[in-house]
Amino acid sequence: MKIALLPGDGIGPEIVREAVRVLDRLRHDGLPIETETAPIGGAGHDAAGHPLPKATLDLAQAADAVLLGAVGGPKYDTLPRELRPEQGILGIRKAMGLFANLRPAILYPELAAASTLKPEVVAGLDLMILRELTGDIYFGQPRGRRRNAAGDDEGFDTMLYSVPEIERIARVGFETARRRSHKLCSVDKANVLDTSILWREVVTRVGRDFPDVALSHMYVDNAAMQLVRAPKQFDVIVTGNIFGDILSDEASMLAGSIGMLPSASLDANRKGLYEPIHGSAPDIAGQDKANPLATILSLGMMFRYTFARADVADRIEAAVRRVLAQGHRTGDIAMPGERSIGTRAMGDAVAAAL
Ligand code: IPM
Ligand code: MG
């Protein structure tokens with residue numbers, strides 16, 4: 001089990017450090033885990049002048065799985081877009097063909113009060129957002145800046161999906177729904193966008209191969225509203241890159257904190273990159289305040305999906321449930337007046353629970 005560790009920027013190194021302690025524990029218990037670390041994002045830019053240094057991509061491609069922390073920081077905000085830390089993440093997703101991004105939003109019962117929504121609205125929430133990750137307006141060409149006929153400067157991007165791109169993510173959506181409640185909601189903007197009209201046609205067509213899955217369609221604006229109105233109506237949501245980016249941040253608040261949401265980004269062979277969905281949080285970096293649980297849960301997903309070791313994934317998830325049940329809280333999931341602990345102490349608690 002060769003794992004590439006890409007801690008990145010901001011809180012990335014601290015949260016990955018705690019996940020590594022989980023790996024150490026598992027290795028101690030006999031799993032053949034090997035790790036190697038490389039810089040990405042701003043750290044890549046500092047080390048090699050590029051957010052995705054070639055050596056980092058080579059390492060990631062040679063590994064069986066990748067664990068990523070987070071990228072970005074104020075220091076890099078003035079770099080041209082091609083050199084910004086975000087290009088490290090986008091570049092590795094594209095280069096490795098990681099088109100299927102699984103973002104589960106689960107509300108642990110202990111955190112019902114940490115959500116900004118009423119407990120009865122979110123209690124028992126267990127939602128899977130499946131986001132297409134290598135297409136759409138993130139990568140569509142042409143894009144850029146130009147001067148128009150009226151002499152005004154413009155910025156433009158292209159929303160674009162090909163039929164095979166939609167088909168393969170739709171299939172993952174239906175297969176995911178099959179393993180859960182046999183319900184799939186496809187989110188688009190087919191009342192306005194040509195890309196979405198095609199998306200809806202293709203998802204519907206793929207659905208004929210999955211007669212046991214109930215397919216529904218929803219416009220993204222309505223989905224954004226329904227997610228906070230009645231989130232439990234959803235089980236699996238499949239959507240494009242930009243809508244999935246936005247809806248998954250929204251869904252994270254249903255689960256109490258963005259510090260709780262892991263993700264898996266898989267290629268066609270289930271090789272994957274695993275990362276918390278939150279960012280690098282430069283405002284709290286290096287202060288032992290970040291919640292390492294999303295990263296540790298991402299490791300759980302790695303064992304479930306890439307290594308097909310559901311037993312190890314269950315063990316990691318059980319350890320997280322246990323520390324929450326024991327009352328351990330980092331600042332983001334602590335209630336007002338509740339005692340909170342730091343990144344390191346949360347890692348200690350998980351290691352002990354394991
Ligand atoms: C995410 C992030 C990234 C994205 C950024 C960091 C490029 O917001 O993983 O959701 O937009 O995909
Ligand atoms: Mg995002």
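The values are calculated or read from the model by the stated rules, or taken from the named source; none is laboratory data. This structure is a prediction, so every number in the text was calculated from the model and none was measured. Here Cβ is always computed from backbone atoms with ideal geometry, including for glycine, and neighbour counts include all displayed protein chains. Note: areas computed on protein heavy atoms with side chains; ligands, DNA, RNA excluded. Shrake-Rupley method; radii C 1.70, N 1.55, O 1.52, S 1.80 Å.
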Residues that are modelled with pLDDT of 90 or more and either more than 10 Å from ligand 1 (Cβ to nearest atom) or surrounded by 21 or more Cβ atoms within 10 Å (Cβ to Cβ) (or both), drawn from the stretch 239-253: THR239, GLY240, ASN241, PHE243, GLY244, LEU247, SER248, GLU250, ALA251
PHE99 vs. criteria farther than 30 Å from ALA62 by Cβ and at pLDDT 95 or above: no
Residue that is of a type in the set (Lys, Arg), over 20 Å from GLU317 (Cβ atoms), in contact with a strand residue (DSSP E or B) (Cβ under 7 Å, 6 or more places away or on another chain) and not assigned by TED's automatic domain parsing to the domain that holds GLY240, where the choices are ARG81, ARG93: ARG93
Since GLY337 meets every condition but one in (1) part of a loop (DSSP other than H, G, I, E, B); (2) touching a residue at least 40 places away in the same chain (Cβ under 8 Å); (3) not acidic (Asp, Glu), which condition does it not meet? (2)
With ARG205, ARG180 as the choices, which residue is more than 15 Å from ligand 1 (Cβ to nearest atom), free of Cβ contacts under 8 Å to residues at least 40 places away in the same chain and basic (Lys, Arg)? ARG205
Sole miss for ASN269 among (1) part of a loop (DSSP other than H, G, I, E, B); (2) at pLDDT 95 or above; (3) polar (S, T, N, Q) is condition (2)
Residue in the stretch 261-278 that is farther than 30 Å from ARG25 by Cβ, touching a residue at least 60 places away in the same chain (Cβ under 8 Å), within 14 Å of ligand 2 (Cβ to nearest atom) and open to solvent by 60 Å² or more (accessible area, probe 1.4 Å) present: no
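Among the residues of the stretch 301-334, which ones are hydrophobic (A, V, I, L, M, F, W, C) and open to solvent by 60 Å² or more (accessible area, probe 1.4 Å)?
Filtering the stretch 301-334 down to residues hydrophobic (A, V, I, L, M, F, W, C) leaves 301-303, 307-308, 310, 312-313, 316, 318-320, 323-325, 333-334.
Residues satisfying the conditions are ALA308, ALA325.
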With assigned to a helix (DSSP H, G or I) and within 16 Å of ligand 2 (Cβ to nearest atom) as the only criterion, which of MET253, MET225, MET301 stands out? MET253
Scan of the stretch 102-150 for residues that are farther than 30 Å from ALA62 by Cβ, at pLDDT 95 or above and crowded, with 20+ Cβ neighbours inside 10 Å, ordered by number: LEU127
Which condition number in (1) within 22 Å of GLY140 (Cβ to Cβ); (2) under 22 Å from the mean Cα position of the chain (by Cα); (3) more than 16 Å from ligand 2 (Cβ to nearest atom) is the one that VAL206 fails? (2)
Going residue by residue through the stretch 153-174, is there one that turns out to be within 16 Å of ligand 2 (Cβ to nearest atom) and of a type in the set (Gly, Ala, Ser)? no
